[in-house]
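Asker: Pasting a structure below so you can have a look.
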Amino acid sequence: VPAVPVLFKQALENTDMEAGKSVSLRCELTKADATVVWKKGEATLQASAKYEMKQKGTVAELVIHNAEPEDA
(Lines give C-alpha, C1' and ligand atoms only; values in the text may rest on other atoms or scores of the structure.)
Protein backbone atom coordinates (compact mmCIF):
# COMPACT_ATOMS: atom_id res chain seq x y z
CA VAL A 1 0.00 0.00 0.00
CA PRO A 2 1.59 3.31 -1.04
CA ALA A 3 1.99 5.97 1.64
CA VAL A 4 -0.37 8.92 1.46
CA PRO A 5 1.63 12.13 0.94
CA VAL A 6 1.38 14.93 3.47
CA LEU A 7 0.08 18.13 1.88
CA PHE A 8 -0.55 21.65 3.09
CA LYS A 9 -4.20 22.20 3.98
CA GLN A 10 -3.39 25.82 4.86
CA ALA A 11 -0.05 27.20 3.68
CA LEU A 12 2.00 29.90 5.39
CA GLU A 13 0.85 33.46 4.82
CA ASN A 14 2.94 36.61 4.82
CA THR A 15 2.85 38.14 8.28
CA ASP A 16 3.68 41.68 9.28
CA MET A 17 5.93 41.98 12.31
CA GLU A 18 7.09 44.64 14.69
CA ALA A 19 10.78 44.68 15.62
CA GLY A 20 11.41 43.39 19.12
CA LYS A 21 8.07 41.56 19.33
CA SER A 22 7.20 37.90 18.82
CA VAL A 23 5.69 36.74 15.56
CA SER A 24 3.88 33.46 14.93
CA LEU A 25 3.84 31.59 11.60
CA ARG A 26 1.37 28.71 11.22
CA CYS A 27 0.48 26.12 8.65
CA GLU A 28 -1.97 23.23 8.62
CA LEU A 29 -1.19 19.82 7.19
CA THR A 30 -3.41 17.02 5.91
CA LYS A 31 -1.86 14.49 8.31
CA ALA A 32 -1.52 14.83 12.08
CA ASP A 33 1.95 14.76 13.64
CA ALA A 34 3.81 14.80 10.31
CA THR A 35 7.47 15.79 10.59
CA VAL A 36 7.86 19.53 9.93
CA VAL A 37 11.21 21.21 9.24
CA TRP A 38 11.35 25.01 9.37
CA LYS A 39 13.91 26.71 7.11
CA LYS A 40 15.11 30.20 6.32
CA GLY A 41 16.52 29.94 2.82
CA GLU A 42 18.73 26.85 2.87
CA ALA A 43 19.33 26.96 6.64
CA THR A 44 17.28 24.67 8.89
CA LEU A 45 16.08 26.48 12.01
CA GLN A 46 16.74 24.82 15.36
CA ALA A 47 14.72 25.31 18.54
CA SER A 48 16.35 27.99 20.68
CA ALA A 49 15.53 31.02 22.81
CA LYS A 50 14.72 32.80 19.52
CA TYR A 51 12.88 30.05 17.60
CA GLU A 52 10.10 28.04 19.21
CA MET A 53 8.52 25.21 17.24
CA LYS A 54 5.12 23.86 18.23
CA GLN A 55 2.99 21.16 16.68
CA LYS A 56 -0.43 19.97 17.74
CA GLY A 57 -2.28 17.55 15.52
CA THR A 58 -2.28 18.96 12.00
CA VAL A 59 -1.17 22.49 12.95
CA ALA A 60 2.53 23.41 12.95
CA GLU A 61 3.68 26.75 14.34
CA LEU A 62 6.95 28.66 14.43
CA VAL A 63 7.25 31.48 16.96
CA ILE A 64 10.10 33.93 16.41
CA HIS A 65 10.87 35.79 19.63
CA ASN A 66 12.41 39.28 19.57
CA ALA A 67 11.90 39.49 15.80
CA GLU A 68 14.33 41.59 13.76
CA PRO A 69 14.28 42.78 10.12
CA GLU A 70 16.81 40.00 9.32
CA ASP A 71 14.10 37.44 10.19
CA ALA A 72 12.07 38.41 7.12
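Asker: Name the residue farthest towards the positive end of the dipole of the chain from the options A3, V59, A47, assuming +1 on Cβ of Lys and Arg, -1 on Cβ of Asp and Glu, about the Cα centre.
Answerer: Most positive-ward Cα: A3.
Asker: May I ask you to evaluate 6.51 cos²θ - 1.76 cosθ + 1.60, the Karplus curve with θ = phi - 60°, for each residue of the range 33-45 and list the ³J(HN,Hα) values in order in whole Hz, giving x for glycine and proline?
Answerer: 6, 5, 6, 10, 10, 8, 10, 10, x, 8, 7, 7, 7
Asker: Would you tell me the accessible area of T44, worked out with a 1.4 angstrom probe on the heavy atoms of the protein chains, in Å² to the nearest 10?
Answerer: 60
Asker: Next question. Viscosity 0.890 mPa s, temperature 25 °C: Stokes-Einstein D of the chain from its Kirkwood Cα radius, in µm² per second?
Answerer: 185
Asker: Follow-up question, since we're still on this one. For the range 1-71, compute the number of Lys pairs whose alpha carbons are separated by less than 16 Å, excluding pairs fewer than 8 positions apart on the same chain.
Answerer: Value for the range 1-71: 8.
Asker: Now for a separate question. Going from most exposed to least, what order do K50, K56, K31, K40 have by accessible area with a 1.4 Å probe?
Answerer: Sorted by accessible area, descending: K56, K31, K40, K50.
Asker: Work out from phi, with θ = phi - 60° and the Karplus expression 6.51 cos²θ - 1.76 cosθ + 1.60, the ³J(HN,Hα) of each residue of the range 63-70, listed in order in whole Hz, and give x for Gly and Pro.
Answerer: Listing the rounded values in order: 10, 9, 8, 6, 4, 10, x, 5 Hz.
Asker: Further, regarding this structure: Quick one: Karplus J couplings for the range 51-61, per residue in order, coefficients 6.51, -1.76, 1.60, θ = phi - 60°, nearest Hz, x for Gly and Pro?
Answerer: Per-residue couplings from phi come out as 10, 10, 9, 10, 8, 9, x, 8, 9, 10, 9 Hz.
The values are calculated or read from the model by the stated rules, or taken from the named source; none is laboratory data. The structure displayed is predicted, hence computed values, not measured ones. A quick note on method: Cβ atoms are made from the backbone with ideal geometry, for glycine too, and the neighbour counts reach across all protein chains shown. All accessible areas refer to the heavy atoms of the entire protein, side chains included, with ligands and DNA or RNA removed. Shrake-Rupley method; radii C 1.70, N 1.55, O 1.52, S 1.80 Å.
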